[in-house]
Amino acid sequence: MSEASLVRSDLSQMLRAEAKKLGLDAVGIARLAADANLPGRLAHFLNESRHGDMDWMETHADRRGDPLRLWPDAKSAVVFGQSYAPPDNPLDALDHRSNAAISVYAKGRDYHDVLKKRIKSLARIFAESSGAEVKVFVDTAPLMEKPLAAKAGLGWQGKHTILVSREHGNWLFLGAMLTTAELEPDESVSDHCGSCRRCLDICPTNAFPAPYQLDARRCIAYLTIEHKGHIAPEFRVPIGNRVFGCDDCAAICPWNKFAGAATEIKYAARPETDNPPLAQLLALDDAAFRLRFAGTPIKRTGRDRVVRNALIASGNSGDRALLQHIEPLLGDGSPLVRAMAIWASRRLADARELHALQRRYQDLESDPEVATEWIMPMEEQGA
């Protein structure tokens, strides 16, 4: 082994040892080089407008498709994964219709804060040991971490486009360190999805146009987290009680049977995020929302959108006891909330109750898009 190879090997071993000390569950190294397929796949996704209103995906798309455009001097990428595997099956939450189903990743501390802090700590040690330059990314720059993680051998992108690991299933938070050091790359992992298509078939909104392709505009995770406007009627009933995100395609994957529950306590569910009663979410004003979800990914989506989602879940719950919590929201300051309060009321109230609500609130509505909810035929409302 040459002296240069020995140095690269020592640095790689040091990285893995320090990562383990910091509680990072997976480490892989990739040599940076232009990917002939990635820019084309990204361009197709954007040209089809499958990113919805996530305009940031279009910004610097050239850099997003090639890490070397982001940092031309970089030679290697070190990709880190940290498990957030749940102790129970997330799909069980869908049976409790009067409670909000919240995605596993959002139930604990925001991973951007936890993971980035640890990778930065490791990056400092690496920079001091190697003399190389480093930059750390945790979903904070136009860097496509999943293809990079696949190249670094952490897993493969499944038919649902999520990274799948043989050791950790579908439950890895990802972050990356780019460096000017030339490190020995790991071997990539071949695709082990085979003929399985459970992730595609379980999707309630048919968000996968084809295997390995996602149309975010139909994805419940996108609709409940990223989408800023009114949710189209066709998606409301399929959303069920999913108030923040959707774990269906990840949770159904057979590879999860090899994943033990995450050991990082900061990702553990909190009482306030562990699929709480819908009534609690409907009662939140902005201050109470911020207090309840401080430090979690939910806070970034904001009160109005989360309550919008909780109203859709309420309308799907069949729980008439929620009507008393829905009615005050018919006069809410947010058009998103008022519109879905109407929809939920029409789903749960009987004819007499609905007539009384219309008399009290319909004439007060000045937003035509919200007012339409009172008169839209139920079949057009996704009912």
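The values are calculated or read from the model by the stated rules, or taken from the named source; none is laboratory data. If you're wondering where the values come from, they're calculated on a predicted model, not measured in any experiment. Cβ placement follows ideal geometry from the backbone for every residue including glycine, while neighbour counts extend to all protein chains displayed.
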TODO: Looking only at the range 195-210, decide whether some residue is more than 24 Å from N256 (Cα to Cα), among the basic types (K, R) and in contact (Cβ under 8 Å) with a residue 24 or more places away in the chain.
DONE: no
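Condition first: assigned to a loop (DSSP other than H, G, I, E, B) and within 17 Å of the chain's Cα centre (by Cα). Now tell me which residues in the range 141-167 satisfy that. I'd like the intermediate steps shown before the answer.
Applying the first criterion (assigned to a loop (DSSP other than H, G, I, E, B)) to the range 141-167 yields 141-144, 152-155, 158-162, 166-167.
Those that are assigned to a loop (DSSP other than H, G, I, E, B) and within 17 Å of the chain's Cα centre (by Cα): A141, P142, L143, M144, G158, K159, H160, T161, I162.
Can you spot a residue in the range 22-37 that is assigned to a helix (DSSP H, G or I), out of contact with any helix residue (DSSP H, G or I) (no Cβ under 8 Å at 6 or more places or on another chain) and outside the structural domain of Q213 (by TED's automatic domain parsing)? Can you show your working first?
Step one: filter the range 22-37 for residues assigned to a helix (DSSP H, G or I), giving none.
No; the residues of the range 22-37 include none that is assigned to a helix (DSSP H, G or I), out of contact with any helix residue (DSSP H, G or I) (no Cβ under 8 Å at 6 or more places or on another chain) and outside the structural domain of Q213 (by TED's automatic domain parsing).
Among I312, I326, which is the only one that is closer than 25 Å to M54 by Cβ and either assigned to a helix (DSSP H, G or I) or at pLDDT 95 or above (or both)?
Values: I326 fails: closer than 25 Å to M54 by Cβ.
When all the criteria are applied, what remains is I312.
Please find, among G331, G302, the residue that is under 30 Å from Y267 (Cα atoms), touching a Phe, Trp or Tyr at 6+ places or on another chain (Cβ under 9 Å) and of a type in the set (G, A, S).
Numbers: G331 fails: under 30 Å from Y267 (Cα atoms).
After applying the criteria, what remains is G302.
Just checking: which of the helices (runs of 4 or more DSSP H) contained wholly in the range 203-303 hold 2 or more residues that are over 25 Å from L323 (Cβ atoms)?
Working: elements: 233-239, 248-251, 278-282, 286-292, 298-301.
Because the criterion is at least 2 residues that are over 25 Å from L323 (Cβ atoms), the helices (runs of 4 or more DSSP H) in the range 203-303 that meet it are 248-251, 286-292, 298-301.
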Task: Residue that is basic (K, R) and either in a helix (DSSP H, G or I) or on the phi > 0 side of the Ramachandran plot (or both), where the choices are K117, K135 - done: K117
TODO: Could you please let me know if M57 is closer than 27 Å to A123 by Cα, within 19 Å of the chain's Cα centre (by Cα) and either acidic (D, E) or at pLDDT below 95 (or both)?
DONE: yes
